[in-house]
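Down below is the structure, laid out as structure tokens.
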Amino acid sequence: MRPLIKDGRIVADEWDLLSHEAIDDLDLTPAGPRQILPLAHYRTHAEVLRPQRDRIAILLYPDDEPDAVAPYLADIVVLVAIHFPKFTDGRGYSTARLLRERFNFSGELRAVGDILRDQLYFLHRCGFDAFSLRADQDLSAALNAFGDYAWAPLAGMVSNDGRGSIEQSSL
């Protein structure tokens, strides 16, 4: 499993990301592996999965409405992954912001898919705290991305999500 960046450090990824195509690999047993599954499949199996909150997470695709995941956020899921099919697709930024600000989601918010170093600073500003970068990206070099920008409108700005200013951030 490829490592990822979480809370400003390179760490092992303890979660299996299941796409719509790989859903046959879904393990619904309580002792199964930690799995991230598409919202549609989570909703289908929600009653079985709710008690397994520490090992089952939700994957949102760009066409998934943030409102659809809201019932599962409060004390049910510990991780929401947002898929970026192309680095130029900005819908995930808006989804992350809504999950943090409108729905007060405080769990791990992970960017997955076509994630590049150049996006990390802005993804973090929208509420992401974990980043699964594209395979051709150097994770060690990507850690420097969080300090790339500090122009006047953002430097020292305090966010609404409790993450503090850019300079105080854990990254």
Return a yes/no flag: does the range 10-20 have any residue that is over 19 Å from PHE128 (Cα atoms), touching a residue at least 24 places away in the same chain (Cβ under 8 Å), buried (at least 17 other Cβ atoms within 10 Å of the Cβ) and touching a strand residue (DSSP E or B) at 6+ places or on another chain (Cβ under 8 Å). yes
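So that you can scan it fast, the table gives a plain yes or no per residue for (1) touching an Asp or Glu at 6+ places or on another chain (Cβ under 8 Å); (2) part of a strand (DSSP E or B):
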| site | (1), (2) |
| --- | --- |
| HIS83 | no, yes |
| ALA96 | no, no |
| PHE103 | no, no |
| ALA111 | no, yes |
| TYR121 | yes, no |
Can you pull out the residues in the range 88-115 that are over 14 Å from the mean Cα position of the chain (by Cα) and of a type in the set (A, V, I, L, M, F, W, C)? PHE103
Matching option when the condition is farther than 15 Å from ASP129 by Cα, surrounded by fewer than 19 Cβ atoms within 10 Å (Cβ to Cβ) and under 16 Å from the mean Cα position of the chain (by Cα), among PRO51, PRO3, PRO33, PRO85: PRO85
Among the residues of the range 33-57, count how many are outside any loop (DSSP other than H, G, I, E, B) and out of contact with any His (no Cβ under 8 Å at 6 or more places or on another chain). 16
Return the residue satisfying two criteria in turn: it lies in the range 61-85 and is at pLDDT 90 or above and in contact with a Gly (Cβ under 8 Å, 6 or more places away or on another chain), and of such residues it is farthest from ASN104 (Cα to Cα). PRO85
If I ask for residues that are polar (S, T, N, Q) and closer than 11 Å to ALA57 by Cβ, which ones from the range 25-42 would you list? GLN35
Do we have ARG125 as out of contact with any Ser or Thr (no Cβ under 9 Å at 6 or more places or on another chain) and of a type outside the set (A, V, I, L, M, F, W, C) here? no
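The values are calculated or read from the model by the stated rules, or taken from the named source; none is laboratory data. Model, not experiment: these values are computed from the prediction. So basically every Cβ, Gly included, is an ideal-geometry build from the backbone, and we count neighbours across all protein chains shown.
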